[in-house]
1. Under the definition of Cα pairs under 8 Å and six or more residues apart, what whole-number percent is the relative contact order of the stretch 49-181?
2. Between residue 296 and residue 334, what is the FRET efficiency for a Förster distance of 22 Å, r being their Cβ-Cβ separation, to the nearest 0.05?
3. What ranking do 245, 306 get, fewest neighbouring Cβ atoms within 10 angstrom at the top?
4. So, in Å, what gap is there between the alpha-carbon centers of the stretch 72-88 and the stretch 245-266?
5. Which FRET efficiency, nearest 0.05, do residue 81 and residue 250 yield, Cβ-Cβ r, R0 30 Å?
6. Going by a ≥ b ≥ c, the root eigenvalues of the Cα gyration tensor, does the stretch 250-314 fall in the rounded group (a/c under 1.5), the prolate group (a/b larger than b/c) or the oblate group?
7. Distance between Cα centroids, the stretch 280-324 to the stretch 201-231: provide it in whole Å.
8. So how do 385, 168 line up by other beta-carbon neighbours within 10 Å, fewest first?
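Read-outs throughout are calculated quantities, based only on the coordinates presented, and are distinct from any laboratory measurement. These numbers come from a predicted model, not from an experiment. Glycine also receives a Cβ, built like all others from the backbone with ideal geometry; neighbour counts cover every protein chain displayed.
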Ligand SMILES: Cc1ncc(COP(=O)(O)O)c(C=O)c1O
């Protein structure tokens, strides 16, 4: 079923009222957004300026989580008749999509009495969830121990430390495993056994992880585009984001096709374990949240696909995104001929700022992925004309 309604001002369409835990109010949704770029009568140089709106005061940093922008991408694809949008989760205050489940999982624990002032929060994270939890724990004054591994970017470790988190590093996989996830979860188990009052949000099994995206991320996308999303591309790891999106689509009887973008070398959705270096994409073991979860389609991307998508978007639309979203965008680019006339959304989990020393670094790409600058430039392909 599709919702069709009156067109609205773009700026109003993006201002979807949401409470801090992502629960949407019913006002503010707008169908028909955005109008085609060619129909605007605004002068070119003012078209993209934010409109002056109400000045609001957030009661806390946590109240600024969610309600992120949905950005129309006009340069990334060759075909102008694919309406492509990016849900820009880097706009969350902790810098990623994981602020949403971090907030919801902890607030549910506090609300139900599972976590109190003396509780130590323990979680395994390759970065973004750790930062999201560190932010919420710092706000509530809770002790937080994050189990990280050697793939975690130094920059992410520094952010968690700055927010008062204690870090436990795991360096070697458990015997017989190629992935560090099992070793991280093993360390979580021993911490939980040692601590008197510990709470493990367990993002891999906690239903409040997908619920945060059902009520927040996907509800916002759906409201901003008036329920007209044809294809949604979601990078997967815990599968919380895609699980929440699928729930929303099912509850609202949408025709949206939901595509899981997974890494080559990830075991999710029937994949085979192997080497992968882009953080936040894929998994070394199937999380509880993924068991029985069916997606419309699975697209597998290489580490180099992720790099190419990130590099191209920076040059075509001036948006810096993280590796997993670069991979998702490359999937759209490869299929653009079959997507003509459709409305597509890619959820970008985090910002390219976190990948300046990896994805955006030529020496790292050559050393780690064996692709030199000319090969990367060739894969990025021709760029569109300037906009002036
Ligand atoms: C950068 C990045 N992309 C994608 C994902 C996948 O999100 P989910 O765990 O909800 O499947 C994550 C999760 O940590 C991430 O950090």
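1. Numbers: 171 pairs, mean separation 22.0, N = 133.
Value for the stretch 49-181: 17 percent.
2. Numbers: r = 17 Å, r/R0 = 0.76.
E(calc), rounded to 0.05, equals 0.85.
3. 245, 306
4. Here the answer is 19 Å between Cα centres.
5. Working: r = 29 Å, r/R0 = 0.95.
Plugging the Cβ-Cβ distance into 1/(1 + (r/R0)^6) gives 0.60.
6. Working: a/c = 2.61, a/b = 1.26, b/c = 2.07.
Verdict is oblate for the stretch 250-314.
7. 17 Å
8. Values: 385 6, 168 17.
Neighbour counts put them in this order, fewest first: 385, 168.
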